[in-house]
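First up is the structure itself, then whatever we jot down about it.
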Amino acid sequence: MDESKRILVQLPKIDNLESIISVIKNRGYLELKVVKGIDIGLKYIEKKEEESPKAEEEMKDKDKETIDGGVKISPEEIEQTTSRILDKLKEQLGEENIEYEKISDLEFNLKLKGANLQNTYIVILQLIMGEISESETIERIEITKYDPIYGDTVAISGHLKDVKPIPAQRGYQEMKNSVILNLDKELEKRFKSLLEQNIGDDLSIVLDGAFRTITDISEETIPTEEANLIYIPNIETFEEAENITTMLQTGTLPINFKIDNKIDVGPTLGEDIVYKSLITIYVGFALLLVSMLIYYRGLGLVSVISLVLFLIPLFSLMTLAKVML
């Protein structure tokens with residue numbers, strides 16, 4: 001990698017390195033997006049055939065694939081089950097709001113226009129549970145994807161007057177950690193216009209491509225006067241709320257970061273340095289004493305004793321006075 005494109009970041013006294021990395025990597029790009037529908041992926045999972053030991057012994061010399069392959073779902077059952085799911089969705093949303101796409105023999109996609117993101121998920125689960133409870137060959141119907149289909153979008157980043165983290169309030173279980181956004185006048189007008197033009201749809205707050213929260217757009221939710229405050233609610237920890245605040249306060253970065261290397265320097269590194277320094281001092285002092293004894297002999301012994309008697313009170317006083325060298 002080109003050295004000119006690398007940045008070294010050193011942060012002291014960090015307990016949670018991963019949270020800091022997430023703050024650095026995320027760009028802090030915040031958007032308001034209108035949800036126009038849902039893109040759902042469903043996949044049939046076959047039941048595995050359970051054979052008793054006696055049955056397995058009888059089938060040993062027969063086609064082994066029949067035992068290992070499980071109970072196959074017939075194309076007719078897949079078609080009938082899919083048709084029932086589609087018919088029930090058409091009753092709720094209307095045939096014109098449903099797009100069906102077959103991916104494979106066991107997998108298909110549905111695009112539901114005008115569907116509520118939260119309520120539809122419950123409806124889909126109920127339909128799935130109802131179908132597999134009556135089937136002898138379907139183990140389950142797996143939801144492979146559940147993505148919102150976005151419509152109008154308004155970028156919030158660059159139009160914030162103030163951002164503050166709000167801690168969870170004691171005594172109010174529904175009041176979790178949140179972040180409050182104060183919009184400038186330009187974005188306030190665009191936000192109110194966005195709500196007025198999309199009554200009946202859902203409004204989502206998306207941070208760095210990640211879905212944060214959603215609310216219904218109705219005439220009651222449109223402010224009559226000012227519309228300059230937006231909340232990002234239901235944040236798990238206050239630390240996460242503070243990290244989101246930091247990202248939004250620093251503004252959107254025009255580039256993406258890739259973590260090339262990370263080193264967590266703990267207190268053991270300092271202990272190793274102190275230990276090695278002490279060993280060096282002891283060895284050096286011992287060599288000094290030996291060299292004095294060899295070179296000066298009798299006078300060297302007197303010098304060694306004098307030096308030791310001098311150093312003992314000196315270092316004792318320095319330790320008591322907490323003098324640093």
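Structure notes:
- Residue, surrounded by the most Cβ atoms within 10 Å (Cβ to Cβ), within the range 95-129, restricted to residues that are over 16 Å from VAL35 (Cβ atoms) and of a type in the set (Ser, Thr, Tyr): TYR100
- Subset of the range 102-135 [under 20 Å from GLY151 (Cβ atoms) and outside any loop (DSSP other than H, G, I, E, B)]: ASN109, LEU110, LYS111, LEU112, LYS113, LEU117, GLN118, ASN119, THR120, TYR121
- Note on the range 1-29: among residues that are in a helix (DSSP H, G or I) and over 22 Å from the mean Cα position of the chain (by Cα), the one that is modelled with the lowest pLDDT is GLU3.
- Qualifying position, being over 18 Å from GLU31 (Cβ atoms), of a type in the set (Asp, Glu), at pLDDT 80 or above and in a strand (DSSP E or B), among ASP162, ASP147, ASP152: ASP162
- Qualifying residue in the range 80-98 (condition: within 19 Å of ASN228 (Cα to Cα) and small (Gly, Ala, Ser)): no
- Criterion applied to ILE156, ILE205, ILE138 was being in the same structural domain as GLN80 (by TED's automatic domain parsing) and touching a residue at least 60 places away in the same chain (Cβ under 8 Å), and the one residue passing it is ILE138.
- Total residues in the range 30-83, condition farther than 30 Å from GLY200 by Cβ, outside any loop (DSSP other than H, G, I, E, B) and either among the aliphatic types (A, V, I, L, M) or at pLDDT 85 or above (or both): 12
- Flag for GLU139 being more than 30 Å from ASN97 (Cα to Cα), surrounded by 14 or more Cβ atoms within 10 Å (Cβ to Cβ) and in contact with an Asp or Glu (Cβ under 8 Å, 6 or more places away or on another chain): no
Conditions tested, residue by residue: (1) in contact with a helix residue (DSSP H, G or I) (Cβ under 7 Å, 6 or more places away or on another chain); (2) modelled with pLDDT under 75.
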residue	(1), (2)
GLU174	no, yes
ASN177	yes, no
ASN182	no, no
LYS189	no, no
GLY200	no, no
ASP216	no, no
PHE257	yes, yes
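- Contacts under 6 angstrom Cβ, first residue in the range 281-298 being free of Cβ contacts under 8 Å to residues at least 40 places away in the same chain, partner assigned to a helix (DSSP H, G or I) and polar (S, T, N, Q), 6 or more apart: MET292/SER303
The values are calculated or read from the model by the stated rules, or taken from the named source; none is laboratory data. Here the structure is a predicted model, which means the values were calculated and not measured. Ideal geometry is used to build each Cβ from the backbone, glycine not excepted, and the neighbour counts take in all protein chains shown.
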